[in-house]
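*Asks:* I'd like to ask some things about the structure below.
What follows draws every value from the coordinates through simple rules; no lab data is involved. A quick note: this is a predicted structure, and the numbers were derived from the prediction, not measured. Ideal geometry is used to build each Cβ from the backbone, glycine not excepted, and the neighbour counts take in all protein chains shown.
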Amino acid sequence: MTVASFTSVSLTPPLVAFLPGKTSSTFPVIAERGTFCVNVLATDQEWICRALSVSGGDKFAEVPRRPGPHGDPVIDGAVAWIGCTIEAVHDAGDHRIVIGRVDDLDADSTASPLLFFQSRYNQLVSA
């Protein structure tokens, strides 16, 4: 699953949120598990973002990964990953607001994140 809306909610306790559409076929699986892992993809992982954006099938079939602390996929080469437990789910129009408690995380400070802006993939550029 890819999401367009992901945000920090609180530092104490550490909480994050994402907003899946109510028609998502992936979110019910995440909700049943009660945990999820946010992977911040690197600039060379656009193909992974595209693979995870499609509906149906085994989205992770070709994606190199390992299980995180909760068993959720941690994508190899990601800039960062954040392992979470679902704290709350709220209805919000045609979406849901999913609040997650951050349990684990790791980051590679040398990698550059993949960005999606104005309907295109981009990367940060030094000034």
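*Asks:* Using a ≥ b ≥ c from the Cα gyration tensor of the chain (square roots of the eigenvalues), is it rounded, prolate or oblate, where a/c under 1.5 gives rounded and otherwise the larger of a/b and b/c decides, a/b for prolate?
*Replies:* rounded
*Asks:* With an 8 Å cut-off on Cα pairs and a minimum separation of 6 or more residues, tell me the relative contact order of segment 1-59 in percent.
*Replies:* 31 percent
*Asks:* Okay, next question. When the helix-only estimate is applied to the chain (DSSP H runs of n ≥ 4, each -39,500 (n - 2.57), divided by the residue count), what is the mean residue ellipticity at 222 nm, nearest 500 deg cm²/dmol?
*Replies:* So the helix-based figure for the chain works out to -3000 deg cm²/dmol.
*Asks:* Placing +1 on the Cβ of each Lys and Arg and -1 on the Cβ of each Asp and Glu in segment 6-114, which of 18, 42, 80 has its Cα farthest towards the positive end of the resulting dipole?
*Replies:* 18
*Asks:* Towards the positive end of the charge dipole of segment 6-114, with charges on Cβ (+1 Lys, Arg; -1 Asp, Glu), say which of 113, 90, 70 has the farthest Cα.
*Replies:* Ranked along the dipole, the leading option is 90.
*Asks:* Work out the length of the dipole vector of segment 6-114 about its Cα centre, built from +1 on the beta-carbon of each Lys and Arg and -1 on the beta-carbon of each Asp and Glu, and round it to the nearest 20 debye.
*Replies:* Taking the Cα centre of segment 6-114 as origin, the dipole is about 220 debye.
*Asks:* Using θ = phi - 60° and the Karplus relation 6.51 cos²θ - 1.76 cosθ + 1.60, list the HN-Hα couplings for segment 72-88 in order, rounded to whole Hz, with x at every Gly or Pro.
*Replies:* Result, rounded to whole Hz: 6, x, 10, 7, 4, x, 5, 5, 7, 9, 9, x, 9, 10, 5, 9, 7.
*Asks:* What percent do you get for the relative contact order of segment 3-127 when only Cα pairs under 8 Å and 6+ apart count?
*Replies:* 28 percent
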